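Undergrad: Got a structure for you, written out below as structure tokens; questions coming shortly.
The values are calculated or read from the model by the stated rules, or taken from the named source; none is laboratory data. What you see is a predicted model; the values in this text were computed from it and never measured. Methodologically, a virtual Cβ is constructed for each residue, glycine included, from the backbone with ideal geometry; neighbour enumeration extends over all protein chains shown. Surface areas here come from the heavy atoms of the whole protein model, side chains and all, with no ligands, DNA or RNA. Shrake-Rupley method; radii C 1.70, N 1.55, O 1.52, S 1.80 Å.
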Amino acid sequence: MGTFCSVVKFENLQELKRLCHWGPIIALGVIAICSAMAMIDSVLWYWPLHTTGGSVNFIMLINWTVMILYNYFNAMFVGPGFVPLGWKPENSQDSVYLQYCKVCQAYKAPRSHHCRKCNRCVMKMDHHCPWINNCCGYQNHASFTLFLLLAPLGCIHAAFIFVMTMYTQLYNRMKIILRNKTSIESWIEEKAKDRIQYYQLDEVFVFPYDMGSRWKNFKQVFTWSGVPEGDGLDWPIREGCHQYSLTIEQLKQKADKRVRSVRYKVIEDYSGTCCPLNRGIKTFFTSPCTEEPRIRLQKGEFILATRGLRYWLYGDKILDDSVLEGVSRIRGWFPRNCVEKCPCDAETDQAPEGEKKNR
């Protein structure tokens, strides 16, 4: 309780100018960058938040940041405590045992020293720290030490997340390279299986560029010369396929997407912001993690949705002739709660399937 009261009082709060120094600027910048990157990595890549471990991991990250900043600002603003100006011992005879500070016009209390930076006599002075732009002494010794303890622990946790994130990305990258695919081609193959299963077709999609040997697939990317094999236009293919097997499947998927798309009518305006606060908490926190654009919506417009998440949809805006001039298409993400399914489509069509690779 005493510590809390000391923080609430912030006896040196008027000295916010302490923040205007290279030490606090660098220290707070490093804390902000490390914390933000670790949290972003936790949300986007490592250990999903919908799992218990992911939630605990994210809460721990926030906890590290809060405790580090709490002790940092405590050490900076509460300060070390200064010997009162004009101080002298209660027993005047004891002054013979004390040094006199001409700057503070007071005697130096036991364990106190004059700081040239602070221009005051500091109680139980340890040193003047440029990272907090203040002295470490009687009142903030514990906070400063806890900051030094918690900062490395938080960095170790963040570093662990960075390493696991990079390892996960490396593992996924090597997995598709050994199958002679790209991320997009892996997604096309998944959609091919979904299309065949949805229509219950008697066909099998075989990825044409997988040579059947991990070593052969590996050599198409990594060579001793550093130059990839081939010319980037024509590729060796496996037996039973031909050069255009993949592109034929892409054309089938595009045609299927047009058939299975659903028309929606805009019932509320949407400004096109990435994380709209006025569309609800769930919509705000589940914004698609992609660089694909958001589109501005106006009430009464129509959208042809092709895919979606739980709270977001992706589609093309249906443009009239007056807008079509000079504009090829307008497509992107928009919140589900801004639109409603058109009655004619609601009876016959299903909602767009969830996008598997966006989150």
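Undergrad: Please work out if Arg238 is under 30 Å from Leu49 (Cβ atoms) and either open to solvent by 90 Å² or more (accessible area, probe 1.4 Å) or of a type outside the set (Ser, Thr, Tyr) (or both).
TA: Details: under 30 Å from Leu49 (Cβ atoms): no; either open to solvent by 90 Å² or more (accessible area, probe 1.4 Å) or of a type outside the set (Ser, Thr, Tyr) (or both): yes.
Considered against the rule, which asks whether it is under 30 Å from Leu49 (Cβ atoms) and either open to solvent by 90 Å² or more (accessible area, probe 1.4 Å) or of a type outside the set (Ser, Thr, Tyr) (or both), Arg238 comes out as no.
Undergrad: Report every pair of residues separated by at least 6 positions or lying on different chains whose Cβ atoms are under 7 Å apart, first residue within region 221-233 and open to solvent by less than 70 Å² (accessible area, probe 1.4 Å), second outside any loop (DSSP other than H, G, I, E, B).
TA: What qualifies is Val221/Ile177.
Undergrad: Would you be able to tell me the number of residues in region 315-359 that are at pLDDT 85 or above and in contact with a Gly (Cβ under 6 Å, 6 or more places away or on another chain)?
TA: 0
Undergrad: Now a separate question. Do any residues in region 120-148 that are open to solvent by 70 Å² or more (accessible area, probe 1.4 Å) have Cβ atoms under 7 Å from those of residues that are among the hydroxyl-bearing types (Ser, Thr, Tyr) and not in a helix (DSSP H, G or I), where the two are at least six apart or on different chains, and which pairs are they?
TA: Lys124/Ser112; Lys124/Tyr138
Undergrad: Just to be sure, is Val56 open to solvent by less than 80 Å² (accessible area, probe 1.4 Å), β-branched (Val, Ile, Thr) and modelled with pLDDT of 85 or more? Lay out the reasoning, then the answer.
TA: Working: open to solvent by less than 80 Å² (accessible area, probe 1.4 Å): yes; β-branched (Val, Ile, Thr): yes; modelled with pLDDT of 85 or more: yes.
Criteria met by Val56.
Undergrad: With basic (Lys, Arg), under 30 Å from Cys338 (Cα atoms) and at pLDDT 85 or above as the only criterion, which of Arg260, Arg279, Arg214 stands out? It would help to see each step written out before you state the result.
TA: Details: Arg260 fails: at pLDDT 85 or above; Arg214 fails: under 30 Å from Cys338 (Cα atoms).
Among Arg260, Arg279, Arg214, only Arg279 is basic (Lys, Arg), under 30 Å from Cys338 (Cα atoms) and at pLDDT 85 or above.
Undergrad: Which condition number does Asp94 fail, the rest of (1) touching a helix residue (DSSP H, G or I) at 6+ places or on another chain (Cβ under 8 Å); (2) modelled with pLDDT under 95 being met?
TA: So Asp94 meets the others, but not (1).
Undergrad: Restrict the check to region 288-304 and report whether at least one residue is in a helix (DSSP H, G or I) and open to solvent by 20 Å² or more (accessible area, probe 1.4 Å). Lay out the reasoning, then the answer.
TA: If we filter region 288-304 for residues that are in a helix (DSSP H, G or I), which is where we start, we get none.
No, region 288-304 has no match at all.
Undergrad: Okay, next question. Any residue at all in region 241-251 that's open to solvent by less than 40 Å² (accessible area, probe 1.4 Å), in a helix (DSSP H, G or I), among the aliphatic types (A, V, I, L, M) and closer than 30 Å to Gln197 by Cα? If you could, list the steps in order and put the result at the bottom.
TA: Of the residues in region 241-251, the ones open to solvent by less than 40 Å² (accessible area, probe 1.4 Å) are 241, 245-246, 249.
Cutting the leftovers down to in a helix (DSSP H, G or I) gives us 245-246, 249.
When the remaining residues are screened for being among the aliphatic types (A, V, I, L, M), the result is 246.
Applying the additional criterion that residues be closer than 30 Å to Gln197 by Cα yields 246.
Yes, that holds for at least one residue.
Undergrad: Condition check: out of contact with any Gly (no Cβ under 8 Å at 6 or more places or on another chain) and closer than 30 Å to Ile62 by Cβ. Does Tyr107 satisfy that? Break it down stepwise before answering.
TA: Values: out of contact with any Gly (no Cβ under 8 Å at 6 or more places or on another chain): yes; closer than 30 Å to Ile62 by Cβ: no.
Answer is no for this residue.
Undergrad: When residues of region 238-295 are filtered for being charged (D, E, K, R), within 30 Å of Asn217 (Cα to Cα) and touching a helix residue (DSSP H, G or I) at 6+ places or on another chain (Cβ under 9 Å), how many remain?
TA: Pass one, region 238-295, residues charged (D, E, K, R): 238-239, 249, 252, 254, 256-258, 260, 263, 265, 268-269, 279, 282, 291-292, 294.
Okay, now just the ones that are also within 30 Å of Asn217 (Cα to Cα), so 238-239, 249, 252, 254, 291.
Filter again for touching a helix residue (DSSP H, G or I) at 6+ places or on another chain (Cβ under 9 Å), leaving 249, 252.
Here the count works out to 2.
Undergrad: Considering only residues that are surrounded by fewer than 20 Cβ atoms within 10 Å (Cβ to Cβ), assigned to a strand (DSSP E or B) and among the aromatic types (Phe, Trp, Tyr), which ones fall in region 80-106?
TA: Within region 80-106, Tyr100 is the sole residue that qualifies.
Undergrad: Applying the selection to region 204-220, what residues are exposed (fewer than 12 other Cβ atoms within 10 Å of the Cβ) and of a type in the set (A, V, I, L, M)?
TA: Result: Val204, single match.
Undergrad: Condition first: surrounded by 11 or more Cβ atoms within 10 Å (Cβ to Cβ) and under 22 Å from Phe205 (Cβ atoms). Now tell me which residues in region 259-279 satisfy that.
TA: Arg260, Ser261 - these are the residues of region 259-279 that are surrounded by 11 or more Cβ atoms within 10 Å (Cβ to Cβ) and under 22 Å from Phe205 (Cβ atoms).
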